[in-house]
Every structure is written in C-alpha cells, then in structure tokens.
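Asker: Mind having a look at this structure? Questions to follow.
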Amino acid sequence: MARRPFSLLKALTKPTTSFSLTPIPTSRPVTYMPRPGDGTPRAVTLIPGDGIGPLVTSAVEQVMQAMHAPVYFEKYEVHGDMNRIPEEVIESIKKNKVCLKGGLRTPVGGGVSSLNVSLRKELDLYASLVNCFNLPGLPTRHENVDIVVIRENTEGEYAGLEHEVITKFCSERIAKYAFEYAYLNNRKTVTAVHKANIMKLADGLFLESCREVAKKYPSIKYTEIIVDNCCMQLVSKPEQFDVMVTPNLYGNLVANTAAGIAGGTGVMPGGNVGADYAVFEQGASAGNVGKEKMVELKKANPVALLLSSAMMLRHLQFPSFADRLETAVKHVISEGKCRTKDLGGDSTTQEVVDAVIANLD
C-alpha cells in the first residue's frame, strides 16, 4: 500500500506524450427550475384511431414506459366512420387538457364530416403547427430545411365551412400565435401565405390582420407570398422559409409539401393547440390512415408520432424527457440501421421502437 502513492506520483511526472487523460464525464445541465409537484404524472387522453394509428400510438406507449416518463394514458376507441366523437372522449380531453391521437379515416364525399376537423372545432384548437426539418443522416434533395407551418384551424373551406369566409378575430389570433412562436423560439422571419390578389375579401382580411400584428414585433422580419408562388418556391428553394402563417386550406397543402421536401410525412411532428387544450398527432396527414398492407406487415413508420409526443412532453413541461426521446430518435435515423420502407429500409414498426428504446440515455 505504501508504494501506490509513489507509483502514482511517478506516473504523473512522466512526459505528457506518454499518457492521455481520461475525459471527466459532465453532469446533465439544468434546463429549468421545476416547481414543487411538476414531476407529478399527468394523464393524457389517447386515441389510437384508424389504419396505422394503433401501431404508431403503441410505439409511443412503449417508449414512454421505457423512459419512465411521468405520463399515463386514458385510451378510447374512436373511428372515422362514427357519426360523432363520443362525449366521454371530449370530457376526457377537457379534463386532461392534452390528447395524443392517430389519424381518423375520413370518407370521401357523401356529406360525411371529418372527425379530425370536428375535434379541432369542438375544442377550439385554432392553431395547427407542423415542423418540417432535415434529419441528420436522412438524404433529401434540399439541405438546411427547417420550416414551421402555422395554420388557422377552425374556419374556412378546410373546416367544412365551404360557404363562409374567414373572420377578423380568427385571423388576428393565428397571426399573434405565429409571431409569439417566432419570438419565443428565436425565429427570424414570419411569412404570410395568401391569395389576396384573387380572394380579396377573405385573404385580404387575413393579410390585414397579419400586417397589424407584425407591427408589434419589430425584431421579426415579416414577408408575404402568394400561395401558388409559395409552392414553387418551396420545391425549388425551401431553405429560404422560416415560420409560415396561413389560412386553413393553404396550410394543409403547404405543410404536406414542406414535409415531402424535408424527408416525408412519416417523420414530421405536429400538434393542434388552443387556449385550453392541445392535441398532438402526426404533423402531415398523408400515410396515417389507409395502407392496409402496411398495417398487415406492421411496417408503419412511428417516427412522426414519436417526435410529436416529444412536443407533447415539452407542452407538459417535461423538457428533459422530450430531449431524451428526440435524441434517441435522431440517433436511430442517423445510424441508418433501422428504417421503415418510406425511409429506404425494410424495418418493422417494432424494430424501430426497439432501436429507439436501446438508444435512450
């Protein structure tokens, strides 16, 4: 025992070229100071939905359990062919304030309304947010894409109000939400998407509202673009866009286009939020219902809903869990060993889930 200190001293006095220091592990940084009780498990209403919905919502459940995330789910069966969303589901969301859902199949034509749209209107989820961005390791035609599409969610053609124009009240509050989001997330530019050269009353009112709100945020650059030119610019130079604010119908088209450019609808997260409630789901609509063969083979891509659930965790003020989940998902994508068919691989949903769980720190 007496010789050990001398041996250690001798080793430390050797020339520096003969040894290397072992890196000292750093502790996790403190991201925020929680209030007492912030770690109390929160109830979340879960709607698996139709098509691949049960597969991808099950993926989220497994990952949340593996992380020991402080959430638990109240699960309800809702399907697109129902006449309306059951009252107990609405009551659950109003009680819990937060919902995670798969897609609900919407019949084409026939006068049947979409339950996806009905839910947004029932809960006044006036802001839809879709984040379309490049994932490291996933090759795409364009680089440096990081677009946030914020769309008015409760009125206009897409809300089923085909004969009603948009209102000043709804236009102002979605513009305020877009600028608040940009301010809080250190975004530099907000672009209003419109067709006011033709739709002079409806889109003209939307633009007027955006311009009024923009004056209150002098540090954020404000621009405008006509929707048809916007689509052309998106597919040719998408990296020029930052935050985009749109009326209801245009936002659906712009978000799906941006998602396709940035890597596909299977990897783009999104959510719908109002003053009181929030519903998180796959950001871009395509692929979350239908595709029966994908359901049979159990090869649906769970990444979009996993990233949406990370958004949900931040909304619930669990940022460290959100960071862990996002980091694990991005590592799996970057590594490239487990990818579903839409990303160039042949993995099953469960194989992707297992890989994400294995990469949780």
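Asker: Might you tell me the accessible area per residue for region 228-347, computed with a 1.4 Å probe and given in Å²?
Answerer: 38 Å²
Asker: Treat every Asp and Glu Cβ in region 209-361 as -1 and every Lys and Arg Cβ as +1, leave all other atoms uncharged, and give the resulting dipole magnitude about the Cα centre to the nearest 20 debye.
Answerer: 180 debye
Asker: I'd like to know which of V279, M232, V267 lies farthest towards the positive end of the charge dipole of region 217-300, counting +1 on Cβ of Lys and Arg and -1 on Cβ of Asp and Glu.
Answerer: V267
Asker: Going toward the positive end of the dipole of the chain, with +1 on Lys and Arg Cβ and -1 on Asp and Glu Cβ, which of I147, L55, S219 do you reach last?
Answerer: Most positive-ward Cα: S219.
Asker: A further question follows. Using only Cα atoms and rounding to the nearest 10 degrees, what angle (0 to 90) does helix 168-184 make with the longest principal axis of the chain?
Answerer: Result, in degrees: 10.
Asker: Under a 1.4 Å probe, what is the accessible area of region 90-223 per residue, stated in Å²?
Answerer: 49 Å²
Asker: When ranked by the protection proxy of mean other Cβ atoms within 10 Å per residue, highest first, what sequence do the peptides 349-361, 65-77 form?
Answerer: Peptide ranking by packing, descending: 349-361, 65-77.
Asker: When only Cα pairs under 8 Å and 6 or more residues apart are kept, what is the percent relative contact order across the chain?
Answerer: 20 percent
Asker: Nearest 500 deg cm²/dmol is fine: what mean residue ellipticity at 222 nm does the chain get from its DSSP H runs of n ≥ 4 alone, each adding -39,500 (n - 2.57), divided by its residue count?
Answerer: For the chain, the value works out to -12500 deg cm²/dmol.
Asker: If you don't mind, another one. Of the listed peptides 34-41, 304-311, what is their order by residue-averaged count of other C-beta atoms within 10 Å, with the highest listed first?
Answerer: 304-311, 34-41
Asker: Which peptide among 85-95, 251-261 comes first, and what is the full order, when sorted by highest mean count of other Cβ atoms within 10 Å?
Answerer: The peptides rank, most packed first, as 251-261, 85-95.
Asker: Among [x] 23.3, 91; [y] 23.4, 84; [z] 19.6, 61, which is the computed Rg and Dmax of the Cα atoms in Å?
Answerer: From the options [x] 23.3, 91; [y] 23.4, 84; [z] 19.6, 61, the structure gives [x].
Asker: Among S113, A66, S347, pick out the residue whose Cα is farthest towards the positive end of the charge dipole of the chain, where Lys and Arg carry +1 and Asp and Glu carry -1 on C-beta, about the Cα centre.
Answerer: It is A66.
Asker: Right, next: With everything on Cα atoms, drop me the angle between helix 349-358 and the longest principal axis of the chain, reported from 0 to 90° to the nearest 10.
Answerer: 40 degrees
Asker: With only Lys, Arg, Asp and Glu charged, each at its Cβ (+1 for the first two, -1 for the last two), find how big the charge dipole of region 181-253 is about the Cα centre; round to the nearest 20 debye.
Answerer: 200 debye
Asker: Rounding to the nearest 20 debye, state how big the charge dipole of the chain is about its Cα centre with +1 on each Lys and Arg Cβ and -1 on each Asp and Glu Cβ.
Answerer: With only Lys, Arg, Asp and Glu charged at Cβ, the dipole is about 1620 debye.
Asker: Pop out the carbon and sulfur fraction of the accessible area of the chain as a percent, whole number, probe 1.4 Å.
Answerer: Of the solvent-accessible surface of the chain, carbon and sulfur hold 55 percent.
Asker: I want the antiparallel fraction of DSSP beta bridges within the chain, as a percent rounded to 5.
Answerer: Bridges in the chain that DSSP calls antiparallel: roughly 40 percent.
Asker: Which lysines, on any chain, are close to K293 with Cα under 29 Å apart, when same-chain ones fewer than 8 places away are left out?
Answerer: Cα-Cα hits under 29 Å: K75, K101, K330, K337, K341.
Asker: Against the longest alpha carbon principal axis of the chain, how many degrees, from 0 to 90 and to the nearest 10, is the axis of helix 248-262 turned?
Answerer: 30 degrees
Asker: Which residue, N96, N185, N131, has the most motion in a Gaussian network model of the chain that connects Cα atoms within less than 10 Å?
Answerer: In the Gaussian network model the winner is N185.
Asker: OK, next. How much of the DSSP bridge set in region 30-155 is antiparallel, in percent, rounded to the nearest 5?
Answerer: That works out to approximately 45 percent antiparallel.
Asker: Using only the Cα atoms of region 179-253, build the gyration tensor, take square roots of its eigenvalues as a ≥ b ≥ c, and label the shape rounded, prolate or oblate: rounded if a/c is under 1.5, else prolate if a/b is larger than b/c, else oblate.
Answerer: It comes out oblate by the Cα gyration axes.
Asker: Quick check on region 205-319: take the gyration tensor over C-alpha atoms, sort the square-rooted eigenvalues as a ≥ b ≥ c, and tell me if it's rounded (a/c under 1.5), prolate or oblate.
Answerer: oblate
The values are calculated or read from the model by the stated rules, or taken from the named source; none is laboratory data. The structure presented is a predicted model; accordingly, all values stated were derived computationally and were not measured. Glycine gets a Cβ as well: all are built from the backbone with ideal geometry, and neighbour counts include every protein chain shown. Note: accessible area is taken over every heavy atom of the protein model, side chains too, but ligands, DNA and RNA are not part of it. Shrake-Rupley method; radii C 1.70, N 1.55, O 1.52, S 1.80 Å.
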